[in-house]
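The values are calculated or read from the model by the stated rules, or taken from the named source; none is laboratory data. The structure presented is a predicted model; accordingly, all values stated were derived computationally and were not measured. Because the Cβ atoms are built from the backbone with ideal geometry, glycine has one as well, and the counts that use them run over all protein chains shown.
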Amino acid sequence: MYAPSDDVARLTFFGLHALQHRGQEAAGIAVSDCNRVRLQKGTGLVTAAFTEEKLAPMRGSFSIGHTRYSTTGSSVARNAQPFLVETRHGPLAVSHNGNLTNAGELRNDLLQRGIGLASSSDSEVMTMMLAGAEGASWEARIGSAMASWEGAFSLTVLTRNNVYAVRDRWGYRPLSVGQLPGGGHAAASETGALHTIGCRAIREVQPGEIVALGHPALRVIQAVPAADELARCVFEHVYFSRPDSFWDGRSVHAVRQRLGRELAREAPVVADLVVAVPDSGVPAAIGYSRESGIEFNDGFIKNRYIGRTFIEPTQSLRRQGVALKFNVLAENLRGRRTIVIDDSIVRGTTAGPLVKMLRDGGAVEVHVRITCPPIRHPCFMGVDMGTHEELIAYRMSVEEIRAHIGANSLSFLSLEGMMRGVGRERGYCHACFSGEYQFEPVPSAKKAEFEAAIV
């Protein structure tokens, strides 16, 4: 964010709060006043990491912030972002969304050159590479480092007197920029966060671009050519993004409704009621109901103060979270054949308890419908499902999953149906469903790959 006439730290705090669904392990903000960079970060939610006392001294015109959802490096304080270092060109802070597929090679190169690392995150590797990059300007240095990075990265980069928004050449992870009402600009992983802080004239940062925010007008540099075949993450439409956000120029809410319609066409069933697993299942359930003509009503009531169970860092917390997260509306379920719409089944830890809750609430049949194909392959691009073993659809057939979760029937949307719902046949990464990777998978790539020497 560049906000010369606003309280930049407070604006960043509210922007991060709007992105809380994307990461709950840690949060941080770095602010520059053109002289010094101040950094505050801590583990937990945004509201836990920041207080009035912590925000008060963070004065300046430039800032970056981050909510952490770990895919490389465990959920510990040293891996919290932004990373801040002093360089020969002045202070540098970096926040990163995504995952580098060649992080191990790049990390080893830094260590061989005697450059120390304090964390087990690929994001720190990127920070140290930027700190030592050659070039006459930060734009040149960022562009030089980008050429060495393979995989997914949307970055915000803070220097003493500028802020940059950077996106990889394949466009894996979202990044958009908007104009602040008081002057200046902001960039964020979702357009919903930009709307929260009042931005207008919002556009995506295009693949391969560096966008400099710290001027009255945006300065855009095409640092590396966009890939011939883009690879936007389709899971953003299925699960990650807020429904009020736009991704690839498409309303996430509208896409999810179309996924529900496609699912109703592909997997009809005789039933009395359609319910959703909140929140990302709601638009799809509306679409399923409209296409099928079966009534939509609430089946679950969600505790809004419990986080998204999929992105909790441990399996035990996921199991505990499901029981705390939902109650059922028995008066809507009693004696009814019920279709329940959910966005995905990843590890299989939540679907069974949800089916049981519906049966305990009085549903006489429970038919589970999923708005994406079975997830059978790991993601190496910024979603925390990095091994085959943790994916239930890799270990079990659809019929075996159905029996495991206790449903009367189970159907997943086909890959073709999902892409029809998105509205594009090409330009998206769907490797977790299809196994078709843009990069050769790294067999040894695990979340805790770099943990051994640092505990």
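Remarks
Listed here are the residues, each with its yes/no results for (1) at pLDDT below 95; (2) surrounded by fewer than 24 Cβ atoms within 10 Å (Cβ to Cβ); (3) out of contact with any Ser or Thr (no Cβ under 7 Å at 6 or more places or on another chain).
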residue	(1), (2), (3)
330	no, yes, yes
333	no, no, yes
342	no, yes, yes
349	yes, yes, yes
361	no, yes, yes
366	no, no, no
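- Filter result for residue 44 (in the same structural domain as residue 160 (by TED's automatic domain parsing), over 25 Å from the mean Cα position of the chain (by Cα) and at positive phi): no
- Of the criteria (1) over 23 Å from residue 98 (Cα atoms); (2) surrounded by fewer than 20 Cβ atoms within 10 Å (Cβ to Cβ); (3) touching a residue at least 60 places away in the same chain (Cβ under 8 Å), which one residue 267 fails: (2)
- Evaluation of residue 168 against the conditions (1) of a type outside the set (Lys, Arg); (2) over 21 Å from residue 127 (Cα atoms); (3) buried (at least 24 other Cβ atoms within 10 Å of the Cβ) shows that the sole unmet condition is (2).
- The range 1-32 - residue that is closer than 19 Å to residue 123 by Cα and touching a Pro at 6+ places or on another chain (Cβ under 8 Å) and, of those, surrounded by the fewest Cβ atoms within 10 Å (Cβ to Cβ): 25
- Residue 207 vs. criteria under 19 Å from the mean Cα position of the chain (by Cα), within 23 Å of residue 157 (Cα to Cα), in a loop (DSSP other than H, G, I, E, B) and not assigned by TED's automatic domain parsing to the domain that holds residue 351: yes
- A search for C-beta distances below 8 Å between a residue of the range 17-34 that is outside the structural domain of residue 245 (by TED's automatic domain parsing) and any residue that is acidic (Asp, Glu) and surrounded by 19 or more Cβ atoms within 10 Å (Cβ to Cβ), counting only pairs 6+ apart in sequence or on different chains, returns 18/190; 19/190; 22/190; 24/312.
Per-residue answers, yes or no, for (1) modelled with pLDDT of 95 or more; (2) within 23 Å of residue 17 (Cβ to Cβ):
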{"site": "194", "(1), (2)": "yes, yes"}
{"site": "201", "(1), (2)": "no, yes"}
{"site": "204", "(1), (2)": "yes, yes"}
{"site": "209", "(1), (2)": "yes, no"}
{"site": "214", "(1), (2)": "no, no"}
{"site": "221", "(1), (2)": "yes, no"}
{"site": "226", "(1), (2)": "yes, no"}
{"site": "232", "(1), (2)": "yes, no"}
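- Meets criteria (over 18 Å from residue 165 (Cα atoms) and in contact with a helix residue (DSSP H, G or I) (Cβ under 6 Å, 6 or more places away or on another chain)) for residue 23: no
- Applying the criterion of being more than 30 Å from residue 184 (Cβ to Cβ), surrounded by 17 or more Cβ atoms within 10 Å (Cβ to Cβ) and of a type in the set (Gly, Ala, Ser) to the residues of the range 60-116, the residue that is modelled with the lowest pLDDT is 73.
- Residue 92 being part of a strand (DSSP E or B) and in contact with a Ser or Thr (Cβ under 7 Å, 6 or more places away or on another chain): yes
- Selection of the range 174-191 for residues being crowded, with 24+ Cβ neighbours inside 10 Å, within 21 Å of the chain's Cα centre (by Cα) and not β-branched (Val, Ile, Thr) yields 174, 175, 176, 186, 187, 188, 189, 190.
- Evaluation of residue 250 against (1) in contact (Cβ under 8 Å) with a residue 24 or more places away in the chain; (2) more than 23 Å from residue 426 (Cα to Cα); (3) out of contact with any Ser or Thr (no Cβ under 9 Å at 6 or more places or on another chain); (4) charged (D, E, K, R) (one fails), failing number: (2)
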